[in-house]
Amino acid sequence: MIHILTPDVYNRIAAGEVVDRPYSVVKELVENAVDAGANEITVEIEGGGKTRIRISDNGCGIARDDLPRVYLPHATSKLQSADELFGIRTLGFRGEAVASIASVSKMNVVSRTKDAEAFSLGCEGGAAGEILPAAGDCGTVITVDDLFYNTPARLKFLKSDAQEESDVTNMMARFILSCPEIRFTYYVNGKVRYRSFGDGLAAAIANVYGAGIIENCYEICADKHGICLRGFIGNQNFTKANRSYQSLFVNGRYVVNQTVSAAIMNAYASYLMKRQYPFYVLFLDLPPEIVDVNVHPNKADVRFADNQIIYGSVYSVVSAVLDGNSRALEYLVREEKGTEEKSVPAAETAASVERPIAPAVKPMSYEEAKKQVAFDLTPVKNQSAPQFLAPEDSPVWKVRQPDREEKEDVFAENQRFLREKSVQEKIEPDTLAYKGELFRTYLIYETGDNVYLIDQHAAHERLIYNRLKKSVEERAVVSQPMLAPYVITLNAQEFAFLIKQLPVLQEMGFDAEDFGGTSIRISAVPAELKDISLGKFFGEILGSMETLRAVKLTDILKDKLASAACKAAVKGGECLTEREARALIEEAEGDMGLRCPHGRPAAVKIKRAELEKLFKRIV
Ligand code: ADP
Ligand code: MG
């Protein structure tokens with residue numbers, strides 16, 4: 001039943017222009033289809049969406065008497081009272097989209113509910129016509145023609161057809177990822193661009209990014225205390241040059257959120273080089289009561305009741321998966337058209353070449369997709385899968401603001417859970433035979449049918465780093481008194497923040513004390529960090545005060561530790577004795593997934609077969 005929201009409700013909804021571009025029209029209409037419980041949705045656009053947009057779904061449909069109301073502002077079936085704003089489980093709730101699209105286009109709705117006939121109702125520039133009997137299956141077909149035909153100023157602001165089309169296409173990719181149980185077909189000017197089959201996330205990712213991507217990913221599924229993080233993240237060697245391969249869905253909604261992306265980036269920090277970005281498709285599901293979705297309608301963001309707990313949960317899960325799952329970068333010999341075998345340089349030049357094991361990622365073309373799967377064109381009707389509609393199907397969430405102790409518990413449990421789950425890719429150090437070195441830089445180890453080349457500097461640096469990190473985390477740091485104490489003068493807010501951190505700083509090896517007024521005096525620092533610039537160090541801690549109040553201070557130390565480790569590590573060109581080379585691999589516990597703290601790989605694997613290919617023993 002669609003009803004009109006009373007002013008006291010809609011005045012509390014963050015409002016704003018919801019439709020300004022073809023992609024926002026598609027977004028709103030597809031969200032309505034998802035909210036209607038459809039498990040099959042077809043989207044067609046022509047002329048970049050300016051000429052025509054049509055969305056067909058097999059959802060619950062709109063009753064005849066409700067049809068005129070879809071064109072009225074503030075008309076919705078999803079929200080009744082302002083209280084419900086704090087527990088929204090549908091994608092829509094503002095009751096604005098259809099009405100505002102209808103006011104700037106020629107719109108037609110054909111809809112049929114279960115046990116009723118189909119009816120249609122058109123609307124031109126906001127003026128609805130008459131309800132007419134129509135033909136149609138259960139569900140809804142909405143056609144939007146000539147978008148902005150009556151608002152030339154807005155039409156002028158649209159980009160080229162190709163650009164608008166590409167924005168719609170990106171959004172359709174996100175829908176396919178966010179609703180992997182829904183069958184989507186997306187046509188551009190009559191040609192299929194995407195087709196998904198509703199058979200799960202891995203398949204949806206393959207539909208969007210190509211079939212090869214999954215083997216470069218780890219699957220995550222961690223669920224504790226009502227916070228569930230699941231999906232796929234790229235492995236340490238699979239990185240992208242920009243953020244466009246990152247999708248986060250919070251309670252089914254596509255979101256770009258600072259807290260979560262910072263948590264993920266920090267978890268990857270020691271595996272990534274500059275300007276590399278991880279791949280991920282992640283779902284964060286939370287009790288709706290602790291997420292506020294009522295942000296500006298055009299901003300893909302949400303607010304969390306507690307950023308701290310969200311940051312911590314995401315960080316701990318992602319870093320546990322990465323740290324427990326490292327793999328050596330594999331050396332591949334690739335046959336290239338018309339050339340000899342091409343060896344792909346790894347460690348040294350990895351920054352400048354595409355990583356050998358990362359296949360180029362491009363969306364599957366229609367032809368390729370067709371080869372892979374035989375299409376089943378019979379629509380599945382009436383098997384509604386109410387993904388966001390039925391609160392009664394959802395688990396009962398306990399709503400409570402967790403206290404600090406509980407938070408730690410969440411992190412610890414998540415980590416334990418993942419540790420149990422993760423498979424360590426380690427090689428027993430005893431089975432690695434040391435075979436010498438190359439260029440006084442790379443150590444050679446043989447095991448079974450594989451050869452590992454280890455960059456002595458990168459590996460040593462990582463090991464020192466791990467050791468420092470551990471001593472910081474275990475608070476077993478040796479302090480080094482300073483000749484002249486360092487005094488930081490702060491503003492009141494900074495002082496209040498830092499004074500609370502004093503015990504932590506002290507445990508980490510800083511001798512820090514309240515120096516009166518709003519200043520703090522540092523008279524000793526952790527010995528490992530004696531060379532850092534204290535001004536910069538505290539600047540960074542204070543800089544993170546706003547956004548990541550919760551970050552463990554030890555995380556901020558990572559960076560410092562990395563540079564300390566770099567200084568202390570053996571350099572390339574220094575000759576190691578065989579004993580030292582053995583000791584290195586033993587300290588690494590045979591972990592061939594090591595990377596230096598700046599993200600460069602420390603180990604490269606060459607398979608015997610690859611060598612034999614080089615020598616043409618095998619082809
Ligand atoms: P909202 O989604 O915020 O409720 P909209 O303006 O997008 O507002 O839609 C208004 C109402 O029209 C919805 O609440 C819903 O009842 C109905 N509606 C729109 N599209 C569909 C659809 N595809 N299937 C069923 N009902 C729909
Ligand atoms: Mg809507």
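Data overview
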read-out: Qualifying position, being among the hydrophobic types (A, V, I, L, M, F, W, C) and either touching a residue at least 60 places away in the same chain (Cβ under 8 Å) or within 12 Å of ligand 1 (Cβ to nearest atom) (or both), among LEU158, LEU132; value: LEU158
read-out: Qualifying residue in the range 80-99 (condition: open to solvent by less than 50 Å² (accessible area, probe 1.4 Å) and in a strand (DSSP E or B)); value: no
read-out: Residue match in the range 495-504 (condition: assigned to a helix (DSSP H, G or I), at pLDDT 80 or above and of a type in the set (Lys, Arg)); value: yes
read-out: Any hit, the range 119-133, residues being under 16 Å from ARG52 (Cβ atoms), under 36 Å from the mean Cα position of the chain (by Cα) and assigned to a strand (DSSP E or B); value: no
read-out: Residues (part of a loop (DSSP other than H, G, I, E, B) and within 11 Å of ligand 1 (Cβ to nearest atom)) located in the range 24-64; value: ALA36, GLY37, ALA38, ASN58, GLY59, CYS60, GLY61, ILE62, ALA63
read-out: Any pair with Cβ under 7 angstrom, 6 or more apart, that starts in the range 59-79 at a residue that is among the acidic types (Asp, Glu) and ends at one that is at pLDDT below 95 and within 7 Å of ligand 1 (Cβ to nearest atom); value: ASP66/ILE2
read-out: Flag if LEU5 is closer than 21 Å to ASN251 by Cα, within 13 Å of ligand 1 (Cβ to nearest atom), out of contact with any helix residue (DSSP H, G or I) (no Cβ under 6 Å at 6 or more places or on another chain) and at pLDDT below 95; value: no
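To keep it simple, each residue is scored yes or no on (1) in contact with a His (Cβ under 7 Å, 6 or more places away or on another chain); (2) more than 29 Å from LYS299 (Cα to Cα); (3) modelled with pLDDT of 90 or more; (4) more than 16 Å from ligand 2 (Cβ to nearest atom).
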residue: TYR71; (1), (2), (3), (4): no, no, yes, no
residue: SER81; (1), (2), (3), (4): no, no, no, yes
residue: GLU84; (1), (2), (3), (4): no, no, no, no
residue: GLY87; (1), (2), (3), (4): no, no, no, yes
residue: THR90; (1), (2), (3), (4): no, no, no, no
residue: ALA97; (1), (2), (3), (4): no, no, yes, no
residue: SER105; (1), (2), (3), (4): no, no, yes, no
residue: GLY122; (1), (2), (3), (4): no, yes, yes, yes
residue: GLY126; (1), (2), (3), (4): no, no, no, yes
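Each row is one residue, and each column tells you yes or no for (1) near ligand 2 (Cβ under 10 Å from one of its atoms); (2) of a type in the set (Lys, Arg); (3) surrounded by fewer than 20 Cβ atoms within 10 Å (Cβ to Cβ).
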site	(1), (2), (3)
ILE4	no, no, yes
TYR10	no, no, yes
PRO22	no, no, no
LEU29	yes, no, no
VAL34	yes, no, no
GLY49	no, no, no
ASP65	no, no, yes
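The values are calculated or read from the model by the stated rules, or taken from the named source; none is laboratory data. It should be emphasised that the depicted structure is a prediction, and the values quoted were computed from it without experimental measurement. A quick note on method: Cβ atoms are made from the backbone with ideal geometry, for glycine too, and the neighbour counts reach across all protein chains shown. For the accessible areas, the whole protein counts, side chains as well, though only heavy atoms, and no ligand, DNA or RNA atoms are used. Shrake-Rupley method; radii C 1.70, N 1.55, O 1.52, S 1.80 Å.
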